[in-house]
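To start, the structure itself, in structure tokens.
The values are calculated or read from the model by the stated rules, or taken from the named source; none is laboratory data. The structure displayed is predicted, hence computed values, not measured ones. Virtual Cβ from ideal backbone geometry, glycine too; neighbours counted across all protein chains shown.
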Amino acid sequence: MFGLIGHLTSLEHAQSVAKELGYPEYADRGLDFWCSAPPQIVDTIEVTSITGQKIQGKYVESCFLPEMLANRRIKAATRKVINAMAHAQKNGIDITALGGFSSIIFENFNLEKLKQIRNVTLEFKRFTTGNTHTAYVICRQVEQAAEKLGIELSKATVAVCGATGDIGSAICRWLSAKTSVKELLLIARDRERLNALQSELGRGQILDLEAALPQADIVVWVASMPKGVEINGEVLKKPCLLIDGGYPKNMETKVRHPEIHVLKGGIVEHSLDIDWKIMKIVNMDVPGRQLFACFAESMLLEFEKIYTNFSWGRNQITVEKMEEIGKISVKHGFRPLMLSPGEI
Ligand code: NDP
């Protein structure tokens with residue numbers, strides 16, 4: 001059985017869906033209440049592959065909210081993640097994806113050392129960050145959407161915001177090794193890590209966001225921001241493709257311009273309907289078929305009976321592993337979300 005550990009995007013979002021989620025008493029309560037809420041399995045799932053194979057899974061709501069980080073409720077945030085992991089393991093789930101901020105909190109606060117959660121000894125091989133599949137999907141979105149929009153990669157400048165992150169660095173590796181992208185702009189805050197990435201890639205220009213945006217034909221957002229930044233469409237090139245892979249979204253753009261194309265990044269569409277309610281709660285456009293690529297990774301590992309932490313640690317995702325998970329993704333009927341005809 002596969003599992004998904006997820007969370008909502010804000011306190012406001014949590015309050016508005018508390019009833020549907022099974023926490024009706026939290027609908028009008030503040031952050032303190034969410035800080036004390038235990039993890040809960042709120043959805044059972046059945047997925048059918050295009051091969052005909054069927055698998056079952058469970059969705060574990062961790063009750064983490066990005067405001068916990070913004071308000072320095074670090075202890076609550078870390079407890080949410082490890083308690084949700086222990087809950088998944090106690091419920092017999094073989095492979096569970098750590099969605100959204102769960103894997104970021106796990107890494108940033110070094111939760112690997114907290115193995116014993118009451119009577120549960122966490123077995124980390126039962127968990128995957130899902131970041132290999134997410135990075136693969138975003139790279140395919142860059143390639144496919146660029147082609148649709150007539151942006152030639154060999155003449156294009158691609159800016160990656162969050163380039164030194166787990167997903168961002170994997171995207172940079174793929175774009176360098178497998179595409180003819182003309183120029184790569186690397187954006188993050190920590191200069192040392194940017195320098196290390198630049199020497200690993202043997203290419204890429206380190207720039208801050210303000211300098212990078214006006215130069216980019218394609219902008220990929222994979223920064224771990226608890227709240228999105230506002231973009232001024234005036235400064236962007238026309239045409240420009242913006243792929244927002246963050247959860248919550250990294251970018252708050254109200255830009256309405258026929259030549260600025262915004263694509264939800266790291267989202268896959270399944271060929272068949274999935275029997276679940278959770279994607280409606282997180283406001284997916286087509287909740288029966290669309291989902292986060294990291295969640296799909298645990299489904300893929302379950303389909304293939306690969307019970308190991310396929311994606312783990314930081315900045316270790318190789319192009320080979322992305323190709324491997326990409327093949328499995330196609331085999332079972334998942335495809336990267338594309339721009340709809342109205343968005344082109
Ligand atoms: P990491 O923590 O590994 O990396 C985050 C990156 O963002 C780093 O390069 C960091 O560098 C940079 N960053 C953080 N804050 C800022 C800022 N204010 N300005 C510029 N750069 C910034 O995160 P992941 O790679 O694991 O995840 C990235 C995003 O993808 C997250 O939003 C996550 O929720 C989302 N995600 C989406 C999935 C999906 O299925 N669609 C699956 C998993 C994750 P520095 O700190 O030096 O600035």
Before we move on, is Ile117 touching a Leu at 6+ places or on another chain (Cβ under 7 Å) and either under 24 Å from Gly326 (Cα atoms) or crowded, with 16+ Cβ neighbours inside 10 Å (or both)?
-> no
With respect to Phe2, determine if the residue is modelled with pLDDT of 95 or more, closer than 30 Å to Gly333 by Cβ and within 22 Å of the chain's Cα centre (by Cα).
-> yes
Cβ-Cβ below 6 Å, separation at least six or inter-chain, first residue in the stretch 125-139 and under 19 Å from His270 (Cβ atoms) and of a type in the set (Phe, Trp, Tyr), second assigned to a helix (DSSP H, G or I) and away from the ligand (no atom under 11 Å from the Cβ): which pairs?
-> Tyr136/Met322; Tyr136/Ile325; Tyr136/Gly326
List every residue pair whose Cβ atoms sit under 6 Å apart, with the two residues 6 or more apart in sequence or on different chains, where the first one lies in the stretch 1-27 and is in a loop (DSSP other than H, G, I, E, B) and the second, anywhere, is of a type in the set (Ser, Thr, Tyr) and buried (at least 18 other Cβ atoms within 10 Å of the Cβ).
-> His7/Ser62
Hits in the stretch 204-235 (condition: away from the ligand (no atom under 15 Å from the Cβ), modelled with pLDDT under 95 and not polar (S, T, N, Q)) = Gly233, Glu234, Val235
What single numbered condition from (1) surrounded by fewer than 24 Cβ atoms within 10 Å (Cβ to Cβ); (2) closer than 24 Å to Glu304 by Cβ; (3) small (Gly, Ala, Ser); (4) in contact with a Lys or Arg (Cβ under 9 Å, 6 or more places away or on another chain) fails to hold for Ala88?
-> (1)
Name the residues in the stretch 161-181 that are within 14 Å of the ligand (Cβ to nearest atom) and of a type outside the set (A, V, I, L, M), would you?
-> Cys161, Gly162, Thr164, Gly165, Asp166, Gly168, Ser169, Cys172, Arg173, Trp174
Scan of the stretch 189-240 for residues that are of a type in the set (A, V, I, L, M) and on the phi > 0 side of the Ramachandran plot, ordered by number | none
Name the pairs: first residue in the stretch 148-160 and polar (S, T, N, Q), second residue assigned to a helix (DSSP H, G or I) and at pLDDT 95 or above, Cβ to Cβ under 8 Å, at least 6 apart or on different chains?
-> Thr157/Gln215
Helices (runs of 4 or more DSSP H) within the stretch 74-157 that include 1 or more residues in contact with a Ser or Thr (Cβ under 9 Å, 6 or more places away or on another chain) and more than 13 Å from the ligand (Cβ to nearest atom) = 74-90, 131-149
The one condition in (1) within 19 Å of Ile206 (Cα to Cα); (2) within 10 Å of the ligand (Cβ to nearest atom); (3) of a type outside the set (Asp, Glu) that Leu185 fails to fulfil | (2)
